[in-house]
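Every read-out reported here was derived from the displayed coordinates using simple, explicitly stated rules and does not represent laboratory data. Quick caveat, the model's predicted, so the values are computed rather than measured. Here the Cβ positions follow ideal geometry from the backbone for every residue, glycine too, while neighbour counts run over all protein chains shown.
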Amino acid sequence: MRNLKKIICLVVSSIILDLPIIFGQNLSDGGFRQSFERLDSALLAKLTLNSSPLRSGKENYSTIEGDPYLYGDFATGEVILKTGEKIPLWLRFNIYTRVVQFRQDDEIYVLLNKGSVSSVLIDSLRFIYTSYLKSADDENSKANTWFILKKDGKLKLLVMKNLRIQPGENPRAYQSPTMPKFISMADSYYLEPEGKSAIRIESKKDLLALFADKSSAVMQFMDANKLGVKKAKHLTKILEYYNTL
């Protein structure tokens, strides 16, 4: 009986020790993390357009309270190339500078070759790099940036994350000075028709203008379900209905 107990203990211990190997993961940074293959020099050069890593391996926001990153630090994800190749990486999104960064070893790089990238998955959020109009009535106001792809389809629902820096205050009587700090702002919502630049949706008029001959049916659906344009879940329901027409 004693020998049987020893055998059971040894088997259980072996399974526990092998768990990281079984699941293709290793323990570090305080928890389980996925193992990623190191990028070869050619692929690294392709993603970064031969650019060097960030100086000192990090951005310096020591004089600003808070941080500009979507998840606060790197998260598991993957870069999907237009060729279909998927590259698992540790990724993060800097909302303030609107760049995607990835980590390899102790170095941090900016994903600069957006033209070869179909999308980027960071944790559960998918990002695409696409064009948008800063002014809906001015085609010359076209720019490009990273958006969160909230809803795919013939009209894509895109989310732009926004952040600003609130200036610090100088010391005053009975009041200590304050540091500048990052302040989260409301998300901006855009719709991107196939083959065209995304347009910001700020009113029902902006939204209905994109639905052409379906605008009447969409407006009735919005009114009947008390839907507006200020919430992603409302816009998602509207697009789901539109795609059935």
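See the values below:
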item: Long-range amide H partners of THR130 with built H, under 5 Å; result: THR145, PHE147
item: Rounded to whole Hz, the Karplus (6.51, -1.76, 1.60) HN-Hα couplings of segment 182-192, x for glycine and proline; result: 6, 10, 6, 10, 4, 5, 9, 10, 10, 10, 10
item: Cα-based equivalent ellipsoid, segment 61-137: semi-axes from gyration tensor eigenvalues, Å; result: 21, 20, 11
item: Cα shape, segment 111-158, gyration tensor, a/c 1.5 rule; result: oblate
item: DSSP-assigned coil residues among trypsin sites (Lys or Arg not before Pro) in segment 86-140, each with at most 14 further Cβ atoms within 10 Å; result: LYS134
item: Table column - 3J(HN,Hα) (Hz), segment 226-233, Karplus curve with 6.51, -1.76, 1.60, x for Gly and Pro; result: 6, 9, x, 10, 9, 10, 4, 5
item: Label-to-label distance, nm, for residues given as ARG172 and SER188 (7 Å Cα→Cβ offset); result: 3.2 nm
item: Segment 22-200: mean projected area of Cα convex hull, nm²; result: 14.3 nm²
item: Karplus-derived HN-Hα couplings along segment 61-78 (A = 6.51, B = -1.76, C = 1.60, θ = phi - 60°), whole Hz, x at Gly and Pro; result: 10, 5, 8, 10, 6, x, 9, x, 8, 4, 10, x, 7, 6, 10, 5, x, 7
item: Cα-based Rg of segment 151-207 normalised by 2.2 N^0.38 Å, two decimals; result: 1.84
